[in-house]
Amino acid sequence: VGARARARSHCQHLWTKLRPHNDWDAFAPELEKVLDLDREAARVLGGTLALEPYDALMQLYEPGASRTSIDAHFATLRAFLPEFIATATKKSAEKPVVEAAGPFAIEKQRELGLTLMRAIGFDFERGRLDISAHPFCGGVPTDVRITTRYDESDFASALMGVLHETGHAKYELGLPSDWNTQPVGLARSMSVHESQSLLQEMQLSRSRAFLEFAAPLIREAFPEASTKTPEAFTVDNLHRIQTQVQPGLIRVDADEVTYPCHVILRYEIERELIGGQLEVADIPARWDAAMHELLGLDTRGNFKDGPMQDIHWPSGAFGYFPTYTLGAMTAAQLTAAMREDLPALDEHLRKGEFDPIDAWLHDKVWSQASRFESDELLTRATGRPLEAQPFIDHLQARYG
């Protein structure tokens with residue numbers, strides 16, 4: 001444990017210094033030390049839990065997860081995504097975004113975020129919004145803190161960051177207070193947590209129905225910009241801003257359609273690293289081959305925007321990446337079930353009425369905390385365990 005902590009701390013510190021300089025050669029030996037120790041830990045945990053080493057590491061983030069089930073889900077997405085991305089990218093290019101005239105003052109962006117947080121049900125008696133280098137949600141169910149970062153040239157990024165983190169926060173705030181001193185009262189897993197943020201951001205907040213509600217508030221927040229470029233603040237254009245598809249190198253900047261490819265790439269690489277089929281020296285070539293195959297992009301020699309772009313591996317978080325896309329799949333499946341139970345869902349979104357939505361989520365997800373394993377929780381909420389098809393259906397309906 002001590003050796004892992006030292007190796008991770010040292011590697012993470014070097015990563016922050018070496019990534020801006022694209023210095024893979026100096027970074028790789030330190031990553032090897034982290035990997036060697038995590039392989040050892042995976043073998044020990046796997047032996048104790050009677051699991052494959054990589055499966056054992058995933059339990060830290062997604063209890064009950066297995067390579068077998070994830071491989072099947074990701075194989076379905078892998079077969080669907082490349083051709084669909086090409087179609088969605090072409091469709092996006094045919095309807096270019098009208099750029100809004102900035103700058104957008106940070107204080108005005110903050111006020112807009114607070115307004116929409118209130119509208120969607122965030123409880124400011126038990127939480128607050130602040131600024132950090134990267135958006136996050138933390139704290140405890142009685143005091144949830146969320147952060148975002150602002151760019152004066154782009155209001156949309158911070159706004160969606162706020163709504164995403166508010167989804168995380170509402171899940172924490174909705175956990176049963178009677179259980180909050182017990183393990184059963186904790187959030188179920190990283191994928192379930194991510195499903196709540198992605199349901200709020202991707203499924204609901206990027207929908208045309210919600211943007212019909214939000215558009216007047218956005219125009220009110222930026223009166224000068226909306227006067228200079230009124231066409232940029234129409235519902236149609238705001239919707240295009242939030243649903244553009246364009247393959248890119250950076251995972252955290254990826255759109256909803258291409259994002260799973262970034263996760264699948266990292267999942268396959270780290271699974272092979274922990275399993276011993278791949279070594280650190282092999283990562284750049286393996287990375288570039290997968291980026292070519294999945295997104296048609298070249299990363300040769302670009303380590304900064306390739307295998308050095310994320311903090312997860314230098315900090316030893318092997319097994320975390322799959323939960324992002326498992327969360328997106330869970331969000332899509334929950335939303336599909338919610339639409340069946342709430343046939344007026346879009347009308348609620350147009351009016352900014354979140355009480356029926358939150359009541360459904362509270363009943364199906366928040367109030368259950370860790371009472372059930374993830375698949376049983378989802379089966380009780382939607383009638384079936386996790387499947388890739390609802391996520392594919394969602395992407396086709398929005399981007400096809």
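The table that follows gives values for the structure above.
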quantity: Highest average packing first - 315-325, 83-93, Cβ atoms within 10 Å; calculated: 315-325, 83-93
quantity: Difference of contour (0.36 nm per residue) and Cα-Cα distance, D178 to K95; calculated: 24.8 nm
quantity: Backbone HN-Hα couplings from phi across segment 265-273 [Karplus 6.51/-1.76/1.60, Hz, Gly and Pro as x]; calculated: 4, 5, 4, 5, 5, 6, 4, 6, 5
quantity: Net +/- balance of residues flanking G138 in space, Cβ distance below 11 Å, scoring K and R +1, D and E -1; calculated: -3
quantity: Virtual spin-label span in nm between R380 and A281, 7 Å along Cα→Cβ; calculated: 5.1 nm
quantity: Helix 283-295 axis, angle to the chain major axis (alpha carbon atoms, nearest 10°); calculated: 40 degrees
quantity: Highest-first arrangement of 111-124, 260-273, 220-233, where packing means the average Cβ count within 10 Å; calculated: 260-273, 111-124, 220-233
quantity: Global form of segment 60-183, assessed from the alpha-carbon gyration tensor, a/c cut-off 1.5; calculated: oblate
quantity: GNM flexibility winner over the chain from H73, H312, H239 (Cα, springs under 10 Å); calculated: H312
quantity: Under 5 Å, built H, 5+ apart or other chain: amide partners of D154; calculated: F104
quantity: C-alpha long axis of helix 24-49 to longest principal axis of the chain, angle in °; calculated: 80 degrees
quantity: Added length on full extension, which subtracts the Cα-Cα distance from 0.36 nm per residue, I106 to D36; calculated: 20.8 nm
quantity: Gyration tensor verdict on segment 171-326 (Cα atoms; rounded if a/c is under 1.5, prolate if a/b is larger than b/c, oblate otherwise); calculated: oblate
quantity: Most fluctuating residue given options L57, L159, L278, as computed from a GNM of the chain linking Cα atoms under 10 Å; calculated: L278
quantity: Förster-model FRET efficiency, 45 Å R0, L49 and T234, C-beta, rounded to 0.05; calculated: 0.25
quantity: Cα-based reach from K170 at 26 Å (exclusive), listing lysines while leaving out same-chain residues under 8 positions away; calculated: K108, K351, K364
quantity: 15 Å beta-carbon shell around D123, net charge (K/R +1, D/E -1); calculated: -1
quantity: Ranked by how many other beta carbons lie within 10 Å on average, peptides 196-202, 182-188 from highest; calculated: 196-202, 182-188
quantity: Modelled FRET efficiency - R0 25 Å, A336 with V252, Cβ distances, 0.05 increments; calculated: 0.40
quantity: Within a Gaussian network of the chain (alpha carbon springs, distance under 10 Å), most fluctuating of D151, D178, D25; calculated: D178
quantity: Amide H within-cut-off set for G139, under 5 Å, with H built and near neighbours excluded; calculated: R145
quantity: Added length on full extension, which subtracts the Cα-Cα distance from 0.36 nm per residue, A119 to V1; calculated: 38.0 nm
quantity: G127 long-range amide H proximity, modeled H, under 5 Å; calculated: V144
quantity: Size of charge dipole - segment 248-400 - debye, nearest 20, with Cβ of Lys, Arg +1 and Asp, Glu -1, no other charges; calculated: 80 debye
quantity: The chain - mean residue ellipticity at 222 nm from DSSP helices (-39,500 (n - 2.57) per run, n ≥ 4, rounded to 500); calculated: -19000 deg cm²/dmol
quantity: Sites D393 and R149 - FRET efficiency at Förster radius 41 Å, r taken between beta-carbons, to 0.05; calculated: 0.80
quantity: Rounded to 10°, Cα long-axis angle of helix 208-221 versus longest principal axis of the chain; calculated: 70 degrees
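Just so you know, all these numbers are worked out from the coordinates, no wet-lab data involved. Computed from a predicted structure; not experimentally measured. Note: ideal-geometry Cβ built from the backbone for every residue, glycine included; neighbour counts use all protein chains shown.
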